[in-house]
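The values are calculated or read from the model by the stated rules, or taken from the named source; none is laboratory data. Treat the numbers as computed from the prediction; the structure is a model and nothing was measured. Because the Cβ atoms are built from the backbone with ideal geometry, glycine has one as well, and the counts that use them run over all protein chains shown. These accessible areas exclude ligands, DNA and RNA; they are computed on the full protein's heavy atoms, side chains included. Shrake-Rupley method; radii C 1.70, N 1.55, O 1.52, S 1.80 Å.
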Amino acid sequence: MQKPDLSVDVAGITLRNPVMTASGTFGYGEEFSEYVNLEAIGAIITKGLSLRPKAGNPTPRIVETTGGMLNAIGLQNVGIDAFIEKKVPFFRTVATPVIVNFFGNTLEEYAELAERLDRIPEVAAVEINISCPNVKHGGIVFGTDPKAAYSVVKAVRESTIKPVIVKLSPNVTDIVEMAWACADAEADALSLINTLTGMAIDLDKRRPILANVTGGLSGPAVKPIALRMVWQVARAVKIPVIGIGGIMTGIDALEFMLAGATAVQVGTANFLDPGAAGRIAAEMERYLADNGIADVKEMIGALEV
């Protein structure tokens, strides 16, 4: 039997398979090049980028939890100038699309970053992290207010011709309302979910374990919530959805595709197994071959409810 076709199209980018690496779990790609064949995955998504370098939060900032982990890294990154000088050259050596995740604290910062990334040919697309406070408007998180989300996506859309993916926060009352706002602002695709806010406590010390007190929960524990949200959003919008949340195996990834995702992102699994993204892509191919499915696109949204 012929090998199954794993290629998918997301926001005008053709991926060899649906497996992307989730921002913040894969460095800038080069760090994992010894552990995974970067040309065996669909796309590399860099860790979140800001205009200026960011040191992140004090330690401890990662803690293992039941079925997952909490992180409060604080979006530590090198900043756009060092990114262009030190990270971009590596992208020229890899025949895999590179998507840059970025964030800001004002609309102007988002727009400026989008404009600068637009001028980098090695960047295939951008992914906006909208789970950040708007410092000019009382600290309201862009990703929890539909009007704020619309305004930031619109600002980015007007600053770049590259495909724009918006990463949605699950820490909202109605994820579909957020999805609609981003789609209305002309996002090309949506990725979800970002981490759920949680905390861990040291009983003996009577203190939070994380120095930041709260952090973002990821890993297998969040998968049922992520699946539900992907299913809801995929039915509500006409743009591609990228599923994220506790994907550890090829079976997990295909479940997200059944729920309506066109592609997936692998995050926490990279910490347990640096080769996870490549392994998951291979497991997806094996499942399709074993079940006589010629094209992975047959799985997208094929859930029978």
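A simple spin-label model places pseudo-atoms 7 Å from Cα toward Cβ; at Glu298 and Phe271 they are separated by 3.7 nm. Against the criterion of solvent-accessible heavy-atom surface with a 1.4 angstrom probe, Glu186, Glu283 sort, most first, into Glu186, Glu283. An oblate overall shape is assigned to the range 144-265, the ratio a/c of its alpha-carbon gyration tensor axes (a ≥ b ≥ c) being 1.5 or greater and a/b not exceeding b/c. Charged side chains reduced to their Cβ positions (Lys and Arg at +1, Asp and Glu at -1) give the chain a dipole of some 640 debye around its Cα centre. Overall form of the chain: rounded. Here a/c, set by the Cα gyration tensor axes a ≥ b ≥ c, is under 1.5. What FRET efficiency, computed as 1/(1 + (r/R0)^6) with R0 = 25 Å and r the Cβ-Cβ distance, is obtained for Tyr35 and Thr59, rounded to the nearest 0.05? Given R0 = 25 Å and the Cβ-Cβ separation, E is 0.55.
Under the rule a/c < 1.5 gives rounded, and otherwise a/b versus b/c splits prolate from oblate, where does the range 156-203 land using the Cα gyration tensor? Judged from the Cα gyration tensor, the range 156-203 comes out prolate (a/c at least 1.5, a/b above b/c).
Here the range 95-209 has 52 percent of its accessible surface on carbon and sulfur atoms, given a 1.4 Å probe and all protein chains in place. In a fully extended conformation the segment linking Val213 and Asn171 would gain 13.4 nm over its present Cα-Cα distance, using 0.36 nm per residue.
Other residues whose C-beta falls under 11 angstrom from the C-beta of Glu186 contribute a net charge of -1, scoring Lys and Arg +1 and Asp and Glu -1. The label-point distance for Ile251 and Asp81, in a model that sets each label 7 Å from Cα toward Cβ, rounds to 5.1 nm. Fully extending the segment from Arg206 to Thr66 would add 48.5 nm, taking 0.36 nm per residue of separation and subtracting the current Cα-Cα distance. Of all DSSP beta bridges confined to the range 186-245, the antiparallel ones make up roughly 65%. Computed over protein heavy atoms with a 1.4 Å probe, the accessible surface of the range 1-104 works out to 44 Å² per residue.
Multiplying the residue separation of Ser7 and Glu186 by 0.36 nm and subtracting their alpha-carbon distance yields 62.0 nm. Bridges between two residues of the chain, per DSSP, are antiparallel at a rate of about 45%.
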